[in-house]
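Here's the structure we're looking at; comments come further down.
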Amino acid sequence: MSGLIGSEKETFFNDPDVKKILENKYRLHVDIQTAGSRSIATQGGQKGNASQYDFVFPSGQPAADKIKKDFKIQNSYRVFFTPMAVASWQPVVKVLEQNAIVRKVDNHYNIIDMAKLLTLMNQQTRWQDLPNNTSFKVGRKVLIKSTDIKSSNSAAMYLSLASYIANNKSTVTNDAEITQILPQVAPLFIGQGYMAGSSATPFEDYLLKGMGDSPMVMIYEAQFLSQVETGGIRPDMVLLYPEPTIYAQHILLSLNSNGSKLGNALTTDPELQKIAIKYGFRSNDPKMLNKFQNSINQHKITYVPTHLDEVIDPPTFEVLEKMITQIEQQMK
């Protein structure tokens, strides 16, 4: 069977234990292709649109809703979720703390005041011009690196957060609000230059190229935590949580009985859920909540909250599309 998935789930599906469980217990051999979640919703993959696959597995509720509506899909499975987060570095965080943009909560995890940070970015402030900056004096502008707004869900989630703040802490719902907030959110993407189409690429740049290339990167929490498991996180790397933040739901959409069989397996099999937690995902099954916390404790991770209080809902796919289209027009 074949499926089209967001790239952040590729390592999970390629895990030998996942393959073994699916093949031996459920008689499912799964071939996957990856694409940005917005691309999955609007274009499809190498084989064509969603109907050419047994299942599609995008990131984010808006993309899933779009696919479900367009292809009249009846069976969907909320497999797991992950908060949006920002990967950064100790020297960068020190500057942000000095400017009251990042604070520690209970001495455990770091929270970004997104409203203050967006103000800085809209003012096109350069790092070297921030007061009390003794650790990251560079000439580049303060920006969060993201994926391509035209193809990727993580960029769409970033846009959802920024538009919420620009809209007086309210989810954007109509054309009038889009017109009002666009001048504040469009520069966040236009100012980045090249943006990759998949969430894997900017995070790989963060891991490999370091602070000078990627001072702040919008990622899924799961991407960072999966690197803890493999030893890829160094002591100077920091995971920050935006306030407010937004959850990226990973929803499997079944196109046939094989897809439904896989969806049921992923949502109900405790061993598969445990492996997903190993890759940093949070389960939608309340009975698995302690498994995520146990995994965090096992790795002596003190910077990950069990829950986040200020979480927003994304706009509908149609509203996101309108914002993205208008930002895309300004990029030409």
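The values are calculated or read from the model by the stated rules, or taken from the named source; none is laboratory data. Everything numeric here is computed off the predicted structure, so don't read it as measured data. In this analysis, Cβ positions are derived from the backbone assuming ideal geometry, glycine residues included, and neighbour counts consider all displayed protein chains. Note: accessible area is taken over every heavy atom of the protein model, side chains too, but ligands, DNA and RNA are not part of it. Shrake-Rupley method; radii C 1.70, N 1.55, O 1.52, S 1.80 Å.
Results, tabulated for the structure shown:
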quantity	calculated
Odd one out for LYS116, checked against (1) open to solvent by 10 Å² or more (accessible area, probe 1.4 Å); (2) under 19 Å from LYS94 (Cβ atoms); (3) in contact with a helix residue (DSSP H, G or I) (Cβ under 8 Å, 6 or more places away or on another chain)	(3)
Whichever residue in segment 308-332 is surrounded by fewer than 14 Cβ atoms within 10 Å (Cβ to Cβ) and over 19 Å from ALA155 (Cβ atoms) and, among such residues, is modelled with the highest pLDDT	GLU310
Segment 197-211 residues that are without any contact (Cβ under 8 Å) to a residue 60 or more places away in the chain, paired with ones that are polar (S, T, N, Q) (beta carbon under 9 Å, 6 or more apart)	THR201/SER7; THR201/THR147; PRO202/SER146; PRO202/THR147; PRO202/SER154; PRO202/SER214; LEU207/SER214; LEU207/GLN227
Selection from segment 178-192 of residues that are of a type outside the set (S, T, N, Q) and without any contact (Cβ under 8 Å) to a residue 12 or more places away in the chain	PRO183
Pairs, first free of Cβ contacts under 8 Å to residues at least 12 places away in the same chain and closer than 15 Å to PHE13 by Cβ in segment 264-277, second in a helix (DSSP H, G or I) and of a type in the set (Gly, Ala, Ser), C-beta under 8 Å, six or more apart	none
Scope segment 201-225; condition among the small types (Gly, Ala, Ser) and in contact with a strand residue (DSSP E or B) (Cβ under 7 Å, 6 or more places away or on another chain); matching residues	SER214, ALA222
Test for THR171: is it closer than 20 Å to PRO244 by Cα and surrounded by fewer than 23 Cβ atoms within 10 Å (Cβ to Cβ)	yes
Residue within segment 38-49 that is of a type outside the set (Gly, Ala, Ser) and open to solvent by less than 60 Å² (accessible area, probe 1.4 Å) present	yes
Which numbered condition ALA155 fails, given (1) farther than 30 Å from HIS299 by Cβ; (2) modelled with pLDDT under 95; (3) of a type outside the set (Phe, Trp, Tyr); (4) part of a helix (DSSP H, G or I)	(1)
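Condition check ((1) open to solvent by 10 Å² or more (accessible area, probe 1.4 Å); (2) touching a Lys or Arg at 6+ places or on another chain (Cβ under 7 Å)) across all residues:
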{"site": "ILE21", "(1), (2)": "yes, no"}
{"site": "ASN24", "(1), (2)": "yes, no"}
{"site": "THR34", "(1), (2)": "yes, no"}
{"site": "GLN74", "(1), (2)": "yes, no"}
{"site": "THR82", "(1), (2)": "no, yes"}
{"site": "VAL95", "(1), (2)": "no, no"}
{"site": "ASN99", "(1), (2)": "yes, no"}
